[in-house]
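Read through the structure below, which is laid out as C-alpha cells, and then see the notes.
The values are calculated or read from the model by the stated rules, or taken from the named source; none is laboratory data. Small disclaimer: the values here were computed from a predicted structure and weren't measured. Note that each Cβ is placed from the backbone with ideal geometry, even for glycine, and that neighbours are counted across all protein chains shown. Side chains are part of the model used for accessible areas, which takes the heavy atoms of the whole protein and leaves out ligands, DNA and RNA. Shrake-Rupley method; radii C 1.70, N 1.55, O 1.52, S 1.80 Å.
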Amino acid sequence: MSDTDAVRGSSEGFADIMSQLDYPMYIVTTRGGEERSGCLVGFTTQTGIDPARFLVAISNKNHTFRVAQDAEYLAVHVLSPENRSISELFGEQTGDEIDKFAQCSWSEGPHGLPILDGAAGWFVGRVLDRFDLGDHSGFLLDPEEGELRENLDTLLTFRDVSDMEAGHGA
C-alpha cells in the first residue's frame, strides 16, 4: 500500500498533502453470527467528547465490511510498533481466504467480539450509524468498554505499514 495508492483518484494538490501525512493504524474486529472478521484500518477519528464518538472507515471490498454490515458492535485495537506482525496478518490477508484468528492469539471480549491479545489497547463500540463514504463505509461508534495495556507514546503508523501488500484494494 503506497502513499500514492492511498490518495489515488484525488486532485494533485490533495494527493501531495495526503502523501506527507502519517496517521495511526488500527485493527477492527467484529462478529456476525458465528463468523469473525477483522482488518487493518487507517481511516479513523474521534468525532465527539461528550458524548464520546469514534468513526471507523472500512473498505467496501473488504470481508470485514460485509460482516460489519449487520454487526451491532465493533472492536477497535490500538497498535504499537511491536504489533507489526499482527498488522501484517490483518492487513495483507483476507478473511475471504483464511481464518486470521486461527493464526493469532485472541480472547472473547464484550458482546462476543474477538479481542487481540497483543494489541496495545482496545475498545468496543456500539454501531450508531453507517455512512457511504465512496469506496469505504463509515461506522460511527459509541465507545462502551476498553483497556489500555501499555503506554501509547509510540503508535504503529501508516508509514510503518506502507510497504504492505493489501489483502484487498481500496
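Of note:
- Residue count for the stretch 93-121, restricted to those that are at pLDDT below 90, open to solvent by less than 30 Å² (accessible area, probe 1.4 Å) and either touching an Asp or Glu at 6+ places or on another chain (Cβ under 9 Å) or in a loop (DSSP other than H, G, I, E, B) (or both): 2.
- Within the stretch 45-75, the set of residues being hydrophobic (A, V, I, L, M, F, W, C) and out of contact with any Pro (no Cβ under 8 Å at 6 or more places or on another chain) comprises 49, 55, 56, 57, 58, 65, 67, 68, 71, 74.
- Any hit, the stretch 56-79, residues being over 18 Å from residue 25 (Cβ atoms) and in a strand (DSSP E or B): yes
- Residue 65 vs. criteria open to solvent by less than 40 Å² (accessible area, probe 1.4 Å) and either among the β-branched types (Val, Ile, Thr) or touching a strand residue (DSSP E or B) at 6+ places or on another chain (Cβ under 9 Å) (or both): yes
- Look at the stretch 42-71: where a residue is modelled with pLDDT of 95 or more and charged (D, E, K, R) and a partner is in a strand (DSSP E or B) and surrounded by 20 or more Cβ atoms within 10 Å (Cβ to Cβ), sitting 6+ places away or on another chain with Cβ atoms under 8 Å, you get 53/141.
- For the stretch 41-57, the criterion of being open to solvent by 70 Å² or more (accessible area, probe 1.4 Å), more than 25 Å from residue 154 (Cα to Cα) and touching a His at 6+ places or on another chain (Cβ under 7 Å) is met by no residue.
- One residue from 161, 76, 124 being out of contact with any Phe, Trp or Tyr (no Cβ under 9 Å at 6 or more places or on another chain), among the aliphatic types (A, V, I, L, M) and open to solvent by less than 30 Å² (accessible area, probe 1.4 Å): 161
- Checking residue 89 against (1) under 13 Å from the mean Cα position of the chain (by Cα); (2) in contact (Cβ under 8 Å) with a residue 24 or more places away in the chain; (3) part of a helix (DSSP H, G or I), the condition it does not meet: (2)
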